[in-house]
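The values are calculated or read from the model by the stated rules, or taken from the named source; none is laboratory data. Keep in mind that what you see is a predicted model, and the values were worked out from it rather than measured. For neighbour counting, all protein chains shown are included, and Cβ atoms are generated from backbone atoms with ideal geometry for every residue, glycine included. For the accessible areas, the whole protein counts, side chains as well, though only heavy atoms, and no ligand, DNA or RNA atoms are used. Shrake-Rupley method; radii C 1.70, N 1.55, O 1.52, S 1.80 Å.
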Amino acid sequence: MTVYLVGAGPGDPGLITVRGAEVLGRADVVVYDRLVDPSLLDLVPADAERVYAGKAPGAPEMDQAEINALLVDRARAGGNVVRLKGGDPFVFGRGGEEAEALAATGVPFEVVPGITSAIGAPAYAGIPVTHRGASTHFTVVTGHEDPAKGSADVDWSALARTGGTLVILMGAGRVGEIASRLVEGGLAPDTPVAAVRNGTRPDQETVRATLATVADAGVQAPAAIVVGDVAALDLTWFESRPLFGRSVVVTRAREQASELRNRLEVLGAEVLELPAIAIEPIEFDVPQLDRYGWVVFTSANGVTAFFEHGLASGDLDARALAGLSIAAIGPGTAAALAQKGLHADLLPERFVAESLLDAFPPPSTDGVRVLVARAQNARDVFPAGLSERGYEVEVLAVYRTVTATPNPASIERVRGGEVDAITFTSSSTVTNLCDLLGEIPAPQPLVASIGPVTSKTATERGLRVDVEATEHTIDGLVDALLRALPSSRRA
């Protein structure tokens, strides 16, 4: 048994350390805070216990003594316990108190440092806490203490004389009083101040002011407040990304969403995963493949299912397709085949069934057989078209898509129109999301479709399709969003 005190970083889940991700991946229990990004819990085994111990200002879910007791209790029950805390556990994270409680009861523990918001938030706002010619040192202090009370642990006058950069955490609610104390201590009223709210998150906001004006600048928690000459630097990079401040819904199945999510997040978007479909395996038998001239795959999911639930169950591998011609509907499907060591002999110019049909050569002889590995209940345009051309077509259903059950809070957010855009990557994502939503949000968010078939389904369901990918791929869909969103800002 071991308790791991893990720093989750200031907000961006990509800032978790390698060691932090490693211990999350083998946790039996995770006790997590309010400011921890929910996606980090996806790293935790599905059967692990998750305990929320968030502490909002003035409304703690658990007090510190209860959290300490919980960690000891779960550790003594055996297994690995992860205490996941925002920022760094030993920088105003009360990790020291938890370590003391564990040590006092003989429970082994390990500290996994995280990036503190005192450094991470300014960095994402383009503010270095040290800078040649401006600051050679920085001081981190809590602003949670009331400066007006009779006695205080923080000597603001002494801090004003220290020079360098001052970073104040948990001080948004008292920023005016703190600024007054710093001026009284000798800092000039025009000393630059920058308050970074929700630092490193998609809704990050940077307020720039001076000690004289910051009280009326609208600083809100949670914020890292930077005081000093470096606060005048504006080396903006995070907030200048093309989709910064945008919220985009990804409706792909969770198993497929990561590629699109990663692309959008790199561009600055807040991504709301709302999987409208789930990929579900079905039982099927792989027929005798040497009877066919062609095998056609219409999705990357089809490739995965064919190999993992078909060939593998018969102790077969890619060699079973030797001598067959292979067609793929698009580059994503071709890439999935390449991962299996196979090259697609046929790839259409446009990545839809109709284009694949147009690209298909006429049968070389009578009776050429084609095996189409696809989803259950997929469109029959392609197999019917091949049959009309003289091929003998056999459809092999290798998986099915079913309606997923997304987070209810996410559904309500979309119903309320509180997102900028919704992306659709297939007709099934349209159908299932519309079934989940019921009525279309008004005003409708921007709708981005991966291709004409998906667009047609969306239109039939009463959606306005604002933009369609020119190239019917994830890259094409992202490019379409980049074209459309600048003119579609929320009012």
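Overview of values
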read-out: Principal semi-axes in Å for the range 59-134 [√(5λ), Cα gyration tensor, largest first]; value: 32, 13, 10
read-out: Whole-Hz ³J(HN,Hα) from phi, Karplus 6.51 cos²θ - 1.76 cosθ + 1.60, for the range 156-161, glycine and proline x; value: 5, 5, 5, 5, 4, 7
read-out: Among 202-208, 85-91, 440-446, 420-426, the order from most to least packed when residues are scored by Cβ within 10 Å on average; value: 420-426, 85-91, 202-208, 440-446
read-out: Relative contact order %, the range 1-111, counting alpha carbon pairs below 8 Å whose residues are six or more apart; value: 41
read-out: Antiparallel DSSP beta bridges within the chain, as percent of all bridges there, nearest 5; value: 30
read-out: Principal semi-axes in Å for the range 387-449 [√(5λ), Cα gyration tensor, largest first]; value: 33, 14, 8
read-out: Ratio Rg/Rh [Cα only; Rh per Kirkwood] for the range 1-75; value: 0.94
read-out: Nonlocal amide H pairs with Ile422, under 5 Å, H built at 1.01 Å; value: Val249, Leu446, Val447, Ala448
read-out: For the range 1-127, convex hull of alpha carbons as volume per residue, Å³; value: 95
read-out: Histogram of C-alpha separations across the range 164-251, 5 Å bin width, %; value: 3, 15, 25, 22, 15, 9, 6, 3, 2, 1, 0, 0
read-out: Whole-number D in µm²/s for the range 352-491 (Stokes-Einstein; Kirkwood sum over Cα pairs; 25 °C, 0.890 mPa s); value: 144
read-out: Normalised contact order of the chain, rounded percent, pairs of Cα under 8 Å and 6 or more residues apart; value: 10
read-out: Per-peptide average of other Cβ atoms within 10 Å, ordering 453-462, 1-10, 267-276 highest first; value: 1-10, 267-276, 453-462
read-out: Per residue, in Å², the accessible surface of the range 347-417 once ligands and nucleic acids are set aside, probe 1.4 Å; value: 52
read-out: Mean accessible surface per residue for the range 186-269, computed with a 1.4 Å probe while every protein chain stays in place, in Å²; value: 42
read-out: The range 146-299 pair-distance distribution - Cα-Cα, 5 Å bins, rounded %; value: 2, 8, 13, 13, 11, 9, 7, 7, 6, 5, 4, 3, 3, 3, 2, 2, 1, 0
read-out: Calculated [θ] (222 nm, deg cm²/dmol) that DSSP helices of n ≥ 4 give over the chain, each run adding -39,500 (n - 2.57); value: -7500 deg cm²/dmol
read-out: For the range 316-360, convex hull of alpha carbons as volume per residue, Å³; value: 67
read-out: Cα radius of gyration and Dmax for the range 278-393 (Å); value: 13.4, 40
read-out: Sulfur and carbon atoms: percent of accessible area, the chain [1.4 Å]; value: 50
read-out: Segments 67-80, 352-365 sorted - mean Cβ within 10 Å per residue, highest first; value: 67-80, 352-365
